[in-house]
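As structure tokens, the structure follows; a few thoughts come after it.
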Amino acid sequence: VEELDNKIFASATNARALYQTTMDSVSKLGLQAGKTFKNNDELIAFSELLNKTFAISGTSSTGIESTMYNLTQALSTGVLRGQDLNAVLSNAPSIVQNIADYLEVDVGMIREMASEGQITAQIVKNAMLSSADEINEKFNKMPMTWNQIWNKMRNVAIKALQPVLVKINELANN
């Protein structure tokens, strides 16, 4: 558990995202769509790429929540279609572009393919993972924002205070 926690913390740090938000995303994806991923490392890598894509796209926190909800729902059912696709398109269109690039089709075809149930969870996962180099290249060229600096400070504080928080939780539950 500690090793998994450290990997999620490192992923959040790499993506300049909040640790707790990343932990929640990884947990929800793991619980609801765990069969889509080979192992926890692949799941964490997928989540990190999503976080970086959100940063590149300038997706708002509300947009991230909506996209994560719809992506998790789609991955758990095994197919991205309809409302789930629309949420991703409106909040993080580069994810859909990654899918189109992976399938070697125009973005316009994705809507039609999704309506026919052809955009599977495996395709979404593979599209994101195969786009890792491009996502990382774009992300690494971005300067760190004040919000990302604040996220880093919050993450370090949470990690440093974690033993104290665990002890307080133990005391409160006894």
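The values are calculated or read from the model by the stated rules, or taken from the named source; none is laboratory data. All figures in this text were calculated on a predicted structure; none of them were measured in a lab. Using ideal geometry, Cβ is built from the backbone for each residue, glycine included, and neighbour counts are taken over all protein chains shown. Please note that ligands, DNA and RNA were not included when accessible areas were found on the heavy atoms of the full protein model with its side chains. Shrake-Rupley method; radii C 1.70, N 1.55, O 1.52, S 1.80 Å.
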Worksheet entry | Nitroxide proxy distance, nm - points 7 Å out along Cα→Cβ at residue 173 and residue 120 | 3.9
Worksheet item: Sequence-distant or interchain residues sharing an amide H contact under 5 Å with residue 79, placed H: which?
Response: 121
Item to complete: Report the longest stretch of the chain that contains none of the GluC sites (Glu not before Pro) sitting in a DSSP loop with at most 13 other Cβ atoms within 10 Å.
Response: 1-103
Worksheet item: Where a Cα-Cα gap under 25 Å defines reach, which lysines qualify for residue 52, not counting those fewer than 8 residues away within the same chain?
Response: 7, 28, 35, 38, 125, 138, 141, 152, 159
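What does the C-alpha gyration tensor say about the overall shape of the range 104-174? Classify as rounded when a/c is under 1.5, otherwise prolate if a/b is larger than b/c, or oblate. List each step's numbers first, then the result.
Working: a/c = 3.98, a/b = 1.88, b/c = 2.11.
Cα axes put the range 104-174 in the oblate bin.
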Worksheet item: For the range 7-51, what percent of Cα pairs sit more than 14 Å apart?
Response: 36
Fill in: Å² per residue, accessible surface of the range 14-113 at 1.4 Å
47
Worksheet item: Rounded if a/c is under 1.5, else prolate if a/b beats b/c, else oblate: with a ≥ b ≥ c from the C-alpha gyration tensor eigenvalues square-rooted, which is the range 82-134?
Response: prolate
Fill in: Calculated [θ] (222 nm, deg cm²/dmol) that DSSP helices of n ≥ 4 give over the chain, each run adding -39,500 (n - 2.57)
-26000 deg cm²/dmol
Worksheet item: What percent do you get for the relative contact order of the chain when only Cα pairs under 8 Å and 6+ apart count?
Response: 25
Practice prompt. Quick one: work out Rg over Rh on the C-alpha atoms of the range 26-139, Rh as Kirkwood radius.
Written response: 0.92
